[in-house]
Amino acid sequence: MKTLVTTAYRPTSSMLERAARVSEDLSLLQVPRNKRSIDRMHADEGADLLVCLKERLEFYPLGKKEPFFFHPNSAAFRTKRPLEQDPVIEVSRLAPGDSFLDCTLGLASDAIVASQRVGERGCVIGCESHPVLAYVVGQGLQAYNEMLHLEEAMRRIQVVTSDAVSFLETLESDSIDVIYMDPMFTEEITEASNFTPLRGPADHGQLTEQWVAEAKRVARKSIVLKAHFRSGDFERFGFVRRVRPNTKFHYGVISVRP
Ligand SMILES: C[S@@+](CC[C@H](N)C(=O)[O-])C[C@H]1O[C@@H](n2cnc3c(N)ncnc32)[C@H](O)[C@@H]1O
C-alpha cells in the first residue's frame, strides 16, 4: 500500500519542514493537507497517511480512523515491577550486559523491557519489516520524553528496517545472546491496544525453518518465541513451551547454551 506524508490540519512551518524531512528519509511523496479531514484525504488519495505533528508522527492506514503512534505501551507498567519476573526476561535468562535482538519490533514494548534489563553495558537491536512502522517507532524511541525512567532504555534501541531472516543472515555466528520472535498471531486477540490500527498493515509472515535455523546459528544463550496458546509453532520448531495458565499467549524457549 502506498503511503503519503502530510501535516496537521493547520500546519506550522516546523511541521512542513518535518514533513519534508520525513518524505526524504522514506522516499515518500509529501502532499498538502489543504484542511482536509483524514477520511477526505483517504478518499482523495487512496493511500495510507503519515501525518507529521509538532510532537509526534501519526500513521493512518487507509480506512482507519484511529492513528498509530509511538507509545511505550506495556513497557510502562512492566518496567515498574521486578524485571527478573517479567516473562520475556525470565524465559530468556537475559542478564545485564547482554545483547538482545528483537526480530519483530512492532511497538517495541518487549524491546524496551529488554533494554531496561541489559542496561548501559548491553545492546538491543529491533528489526521491523514494515518501513513506516519501523520509522515511526524509531523516531519515537529517540524522542519520547514523558517517561523519564525509560528514556535511557528507549534511546539505546537500534532500529533496523528489514525482514528478520535477511537481517539474521548478515550477522556473525554466536554473536547475540538472546533472539526474540513475536510474529503476528494468526488468531485475533480482541483486547484493544495501541497496535489495533496496524493489525492490517503489519507483516503477517509466520515462523519458518529458515528463520529458526538462522536464529540458532546467531544466538549464544536462548531463542524465545511468543505465540498464541493454541499455536502449534512451539512443538513444530522445537521450542519448550512455558504454559501460563489463564493467558492467551505462551512463551517457548530453545536454550542454546545452559
Ligand atoms: C505482534 S507484533 C510485535 C509486538 C512487539 N513484540 C511489541 O512488544 O510491541 C509483530 C511485528 O513484527 C513485524 N514482523 C512480522 N514478521 C516480521 C519479519 N519476518 N521480519 C521483521 N518484522 C516482522 C510486524 O510487522 C509487526 O510489527
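What net charge is computed for the residues neighbouring Leu94, neighbours being all others with C-beta under 10 Å from the C-beta of Leu94, Lys and Arg scored +1, Asp and Glu -1? Overall, the nearby charge balance is -2.
Considering helices alone, the calculated mean residue ellipticity of the chain at 222 nm is -8500 deg cm²/dmol, with DSSP H runs of length four and up weighted by -39500 (n - 2.57) and normalised per residue. Among the GluC sites (Glu not before Pro) in segment 95-166, those located in a DSSP loop and surrounded by at most 13 other Cβ atoms within 10 Å of their own Cβ are Glu120, Glu146.
Counting only aspartates and glutamates at least 8 places from Lys248 when in the same chain, those with an alpha carbon closer than 19 Å to its own are Asp86, Glu90, Asp110, Asp182, Glu187, Glu188, Glu191, Asp233, Glu235. Please tell me which of these pairs span more than 32 angstrom C-alpha to C-alpha: Lys35/Lys80; Lys2/Lys54; Lys54/Lys216? Among Lys35/Lys80; Lys2/Lys54; Lys54/Lys216, the Cα-Cα distance tops 32 Å for Lys35/Lys80; Lys54/Lys216. Restriction of the trypsin sites (Lys or Arg not before Pro) in segment 1-103 to DSSP coil positions whose beta-carbon has at most 13 other beta-carbons within 10 angstrom yields Lys2, Lys35, Lys54, Lys65, Lys80.
Would you please classify the overall shape of segment 112-166 from the alpha carbon gyration tensor, given that a ≥ b ≥ c denote the square roots of the eigenvalues, rounded means a/c under 1.5, and beyond that prolate means a/b larger than b/c while oblate covers the rest? Oblate, because a/c is 1.5 or more while a/b does not exceed b/c. Taking a ≥ b ≥ c as the square roots of the Cα gyration tensor eigenvalues, with a/c under 1.5 meaning rounded and otherwise prolate when a/b beats b/c, else oblate, which class fits segment 3-60? Cα axes put segment 3-60 in the oblate bin. Of the residues Ser74, Ser92, Ser13, which exhibits the maximal mean-square fluctuation in a Gaussian network model of the chain defined by a 10 Å Cα contact cut-off? Judging by the Gaussian network model, the answer is Ser13. With the cut-off at 1.5 for a/c, could you classify segment 75-255 from its C-alpha gyration tensor as rounded, prolate or oblate? Note, shape of segment 75-255 comes out rounded. Percent of C-alpha pairs per 5 Å bin in segment 24-86, short distances first: 4, 14, 21, 20, 12, 7, 8, 7, 5, 3, 0. DSSP assigns beta bridges within segment 75-255; of those with both partners inside it, close to 35 percent run antiparallel. Could you check what % of the DSSP bridge pairs in segment 3-60 are antiparallel, to the nearest 5? Rounded to the nearest five, the antiparallel share is 40 percent. Between Gly119, Gly46, Gly232, the residue with the greatest mean-square fluctuation in the GNM of the chain (Cα pairs under 10 Å linked by springs) is Gly232. Candidate membrane-span-like segments in the chain, meaning DSSP H helices with Cα atoms spread over at least 15 Å of their own axis and a Kyte-Doolittle mean of -0.5 or above, are 13-26, 131-143, with no membrane implied. Sequence-distant contacts, meaning Cα pairs under 8 Å at least 6 residues apart, place the relative contact order of segment 118-258 at 22 percent. A convex hull fitted to the Cα coordinates of segment 1-151 yields 120 cubic angstrom per residue.
Bear in mind that the values in this text are calculations on the coordinates, not laboratory data. These figures come from a predicted structure and were not determined experimentally. For neighbour counting, all protein chains shown are included, and Cβ atoms are generated from backbone atoms with ideal geometry for every residue, glycine included.
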